Amino acid sequence: LRSWQVPDPRPREHERAGGAAPRQDAGLIGVRERGSVVTVRDGAVDVRMELSADCGGCTVCSRGADGETIMQDVADHLGATVGDTVEVVIPDGVTRPAAVAVFVVPVASMLAGYLAGFLLGRWAGIAPDVSGLVLALVAANLAFVGVRLAERRISSDEQFKPKVNAIIARGHGRS
């Protein structure tokens, strides 16, 4: 599903056959990705993602040294175990603001900083290009710090956390 599509409430073939656990919340709207559970902790799992072409690179996942894409601390209320194939929903409230915060805010801050520095430099009799460059770098760094602080605050909010929406297939060793 793309982030703008409404999920189909009808059960999928594997759900009709009884081969998977029920969906946690069929009404969740967001980006849906599949992956395999690699670590289980109290109420959360780490998932090795099988990224689709619809993945917009929202920075929710991290890349390991071996090139694997891992989504950490995914909320799990369905009881997934290591090896299970799961569907993860990343709420829409996360993907769009994350993309804006990571790409647009620092660039806009840098441009505004350059303009302010250029104008201040001309007013103060300093080389406008140099003062513009200095203020652009300061503004961009402040924007990155602000984005990082906002990310820490938002990451602790359950509403914005990725969730295991369904267990598609049980891993080896479980029936």
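Taken together, the values in this text are just the output of simple stated rules run on the coordinates, not laboratory data. Keep in mind that what you see is a predicted model, and the values were worked out from it rather than measured. With ideal geometry, Cβ positions are generated from the backbone for all residues, glycine too; neighbour counts draw on all protein chains shown.
For Ala169, the amide hydrogen comes within under 5 Å of the amide hydrogens of Thr85, counting only partners 5 or more places away or on other chains and with H modelled in the peptide plane. Summarising the amide proton neighbourhood of Thr39: residues at separation of 5 or more, or on other chains, whose placed amide H is nearer than 5 Å comprise Asp46. Inter-label distance, Ala169 to Trp123: 6.5 nm, where each label sits 7 Å from its Cα along the C-beta direction.
Remark: segment 124-129, residue by residue, has Karplus-estimated 3J(HN,Hα) of 8, x, 9, 4, x, 5 Hz, where x stands for each Gly or Pro and the curve is 6.51 cos²θ - 1.76 cosθ + 1.60 at θ = phi - 60°. Ordering of 160-168, 132-140 by packing is 160-168, 132-140, highest average first (other Cβ atoms within 10 Å, averaged per residue).
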